[in-house]
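No value in this document is a laboratory result; all are computed from the given coordinates. Since we're looking at a predicted model, the values are computed, not measured. Methodologically, a virtual Cβ is constructed for each residue, glycine included, from the backbone with ideal geometry; neighbour enumeration extends over all protein chains shown.
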Amino acid sequence: MEYIHKCINCHTKRALLIFALIFSLANISISLAEEAGSTNTKPPEMLVYYNSWPGDHENPLFKNLKMSPKNPIKIYAFKNLNSQVIKTVQPGEPVTLITADYHTFPANSSVQVLKEQSGLKPGDTFYLMSYIGGGECLAWYNNTVLNVPAEGIEGTSFYKEQRLDIPMWAKLTGKLPPAPVLWLYVATTDNKFGWIQFGSYSDWKQFGYSILTY
C-alpha cells in the first residue's frame, strides 16, 4: 500500500512538473508573440507632441516671449474650435506664449526604408508625422519619435523642386500626412488664458527675423 502511495505521489509530482513546464513555455510563447506584435505597429490616428514647438530654431516655450497677430484671432478654452471662446485678440495686441502642443496625423503615412538611415534599417517601416524645416521630418517608429532627412524619400516632395542628385533611402508606401496643427497656450494682457491655433508665420507680426519678442 505504501508502495502504491509512493508511485501515486511520484506520478503526481511528475505530472505537476510537466504541467509547470508546459505553462512556462506557453507564457514564454505569449510573451514572444506580444513582443513580436509590438514591432512596427501603427501609430494612433492623432499623435500629440506635448510641450513642443517643432522647427529648425531654438525652442521658444516657457520663456515669456510675446506674439502679436496681424488679424483678429480667437482664444479657446480647450484645443477645440467648438469650445468656449475666452477672448478675441485684436491685431497688434500681444499675447504671452506659455507652451504648445503639436498635433500630427501619421497613421496612413507609412514609409519603407530602402537604405540604412538615422538608425533605421532596410525593411523597417516608419510613419511620417510632418516636415519641420531645416531639411528634416518628424517620424514615428515603434513608439519613438525620430528626426529623419526630408530629402531622399521617394513619393514625397517637401521642397518646390526635389534635388535629383539625392539618393533615395526610403519610399512612401502610404499617403502624405495631413497638415499638422500647432496649438499655443497663451496669456493675454488682462490675464486670460486659453488656446489658439498657430496657423502660419504670415499670420503674425514680424520682429526682425522672428515672430517672437520679449
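Numbers at a glance
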| item | result |
| --- | --- |
| Residues Glu116, Glu154, sorted so that the one with the fewest Cβ neighbours within 10 Å comes first | Glu116, Glu154 |
| For region 91-116 and region 137-203, distance of Cα centres in Å | 5 Å |
| Region 74-126: trypsin sites (Lys or Arg not before Pro) in DSSP loop, at most 14 other beta carbons within 10 Å | Lys115 |
| Ordering of 146-153, 65-72, 101-108 by burial proxy (mean other Cβ atoms within 10 Å per residue, highest first) | 101-108, 146-153, 65-72 |
| Global geometry of region 47-203, whether rounded, prolate or oblate, following the gyration tensor of its Cα atoms and the 1.5 cut on a/c | prolate |
| Cα-based shape type of region 49-95, given that a ≥ b ≥ c are square roots of the gyration tensor eigenvalues and the cut on a/c is 1.5 | oblate |
| Met168-Ile98 pseudo-label distance in nm [points 7 Å out on the Cα-to-Cβ vector] | 4.7 nm |
| Fully extended contour minus Cα-Cα distance, from Ser83 to Thr144, at 0.36 nm per residue | 18.9 nm |
